[in-house]
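**Q** After the structure tokens below, expect a handful of questions from me.
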Amino acid sequence: MPLCTVPEIADPTAPDTSHERKTMKYLVTAFVTLSALTCTPAWANLELARKNNCTACHAVDKKVVGPSYSDVAKKYAGDKAAAKSLAAKVKGGTPGGVWGPVPMPPNPNATDADIQALVKWILAGAK
């Protein structure tokens with residue numbers, strides 16, 4: 001048993017990993033940020049629908065004047081063109097006959113970003 005111990009000294013020939021650590025921190029930060037952005041569809045939710053006055057005619061799970069968001073999601077499930085088509089309908093309105101005799105009025109004051117976020121939220125089941 002040695003009488004005295006010598007502290008370990010870092011191996012001067014070992015590669016410097018500080019750059020690797022920084023790179024890893026950046027990658028983890030980017031991954032977490034992107035995950036947060038893709039998991040919350042542009043913060044679209046019922047509050048965004050209320051802000052744009054959609055709830056005057058629509059509800060999540062029941063028909064009001066227009067169809068429920070759940071019914072819209074079911075009707076367009078699997079339709080790859082649904083998001084674009086619905087965004088155009090939300091912006092420009094629809095004639096009567098799409099979901100019943102009452103036409104949907106246009107929403108010219110709703111931003112394209114809000115409309116896209118709402119449509120994505122609705123097609124995902126409005127949850």
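The values are calculated or read from the model by the stated rules, or taken from the named source; none is laboratory data. Quick caveat: nothing in here was measured; it's all calculated off a predicted structure. Quick reminder, even Gly has a Cβ in these numbers, built from the backbone with ideal geometry, and neighbours come from all protein chains shown. Remember, those area values only see protein heavy atoms, side chains included, never the ligands or the DNA or RNA. Shrake-Rupley method; radii C 1.70, N 1.55, O 1.52, S 1.80 Å.
**Q** If we restrict to alpha carbons, what Rg and Dmax does region 44-95 come to, in Å?
**A** 11.0, 28
**Q** Quick check: at a probe of 1.4 Å, how many percent of the accessible area of region 56-95 sits on carbon and sulfur atoms?
**A** 62 percent
**Q** From the alpha carbon gyration tensor of region 60-127, can you work out the equivalent ellipsoid semi-axes (sqrt of 5 times each eigenvalue) and give them in Å, largest to smallest?
**A** After diagonalising the Cα gyration tensor, the semi-axes are 16, 16, 11 Å.
**Q** Per residue, how much accessible surface does region 48-127 expose to a 1.4 Å probe? Answer in Å², no decimals.
**A** Averaged over the residues of region 48-127, the accessible area is 60 Å².
**Q** Each label point is 7 Å from the Cα along the Cα-to-Cβ direction; what then is the distance between the points at Lys120 and Lys63, in nm?
**A** 3.1 nm
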